[in-house]
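Novice: First the structure, which I've put down as structure tokens, then a few questions once you've had a look.
Bear in mind that the values in this text are calculations on the coordinates, not laboratory data. All figures in this text were calculated on a predicted structure; none of them were measured in a lab. Please note: Cβ atoms are built from the backbone with ideal geometry, for glycine as well, and neighbour counts cover all protein chains shown.
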Amino acid sequence: MKQMHIPRRLMISGTAVAAAFAIAGPFASAQTTTTTTTTSTATKPRGTATPQMIQEACQRQRARFAKFQQFGTPERFGSEEPFKFDPSKPCS
């Protein structure tokens, strides 16, 4: 009995897949036909850090480590305390 229903299920599923492609086809082609190019010269390339940014990160890391040594609890994500950056203080 079950083998008689296999061709019917294949026809129904094939029809459903074809209908899905017929509906999605116009939407997909509408999305890919336009091309836009935007150029911006005002933005900096990603991944560049200024020496001041590096100095601030170094001071911030040292402040976190000092707090860890004082209280013994590691920093959790999102629990960063307010930090005062001193540009005249070297980080070495």
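Novice: Take the alpha-carbon positions of segment 49-92, form their convex hull, and give its projected area averaged over all directions (one quarter of the hull surface) in nm².
Specialist: Details: hull surface 14.5 nm².
With every direction weighted equally, the projected area is 3.6 nm².
Novice: Among residues other than Thr15 whose Cβ falls under 15 Å from its Cβ, what is the net charge (Lys/Arg +1, Asp/Glu -1)? Numbers along the way, then the final one.
Specialist: On the way: positive: Arg8, Arg9; negative: none.
Cβ neighbours under 15 Å give a net charge of +2.
Novice: Can you pull the one-decimal nm distance between simple spin-label points at Phe21 and Phe77, each 7 Å off the Cα toward Cβ?
Specialist: 4.2 nm
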